[in-house]
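Read through the structure below, which is laid out as structure tokens, and then see the notes.
Computed from the coordinates by the stated procedures, all read-outs in this text should not be read as laboratory data. These figures come from a predicted structure and were not determined experimentally. In this analysis, Cβ positions are derived from the backbone assuming ideal geometry, glycine residues included, and neighbour counts consider all displayed protein chains.
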Amino acid sequence: MKPPSNQDEFRAALKERVGGGLSADEAVLAMKESGFTIAEAITLIRELFGLSLGEAKSCVTRSPAWKETAFAADQLHEDLLREERSHREDE
């Protein structure tokens, strides 16, 4: 699916394709290819498929399309937690 020139048009086209049977995984890939951020993809997956925030986050972050981005975010999260724990121990 070639993305339209703006995100509003893309959202409308994607919504129509979801109604026609497009899977969540296919929708996530289309969003990644069209330049959506991971946060935008999570928000739109929630909207399109009626998922909770946790379900949408899982759907997007487990997608091969977002594997590297999700891994980097997880690493950053772990590093921040370690730093916070270390800081508390030093006090």
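Some notes on this structure:
- Residue match in the stretch 38-51 (condition: over 27 Å from ALA73 (Cα atoms), hydrophobic (A, V, I, L, M, F, W, C) and over 12 Å from the mean Cα position of the chain (by Cα)): no
- Residue in the stretch 66-87 that is hydroxyl-bearing (Ser, Thr, Tyr), surrounded by 11 or more Cβ atoms within 10 Å (Cβ to Cβ) and on the phi < 0 side of the Ramachandran plot present: yes
- Among the residues making up the stretch 12-47, a single one is buried (at least 19 other Cβ atoms within 10 Å of the Cβ) and assigned to a loop (DSSP other than H, G, I, E, B): PHE36.
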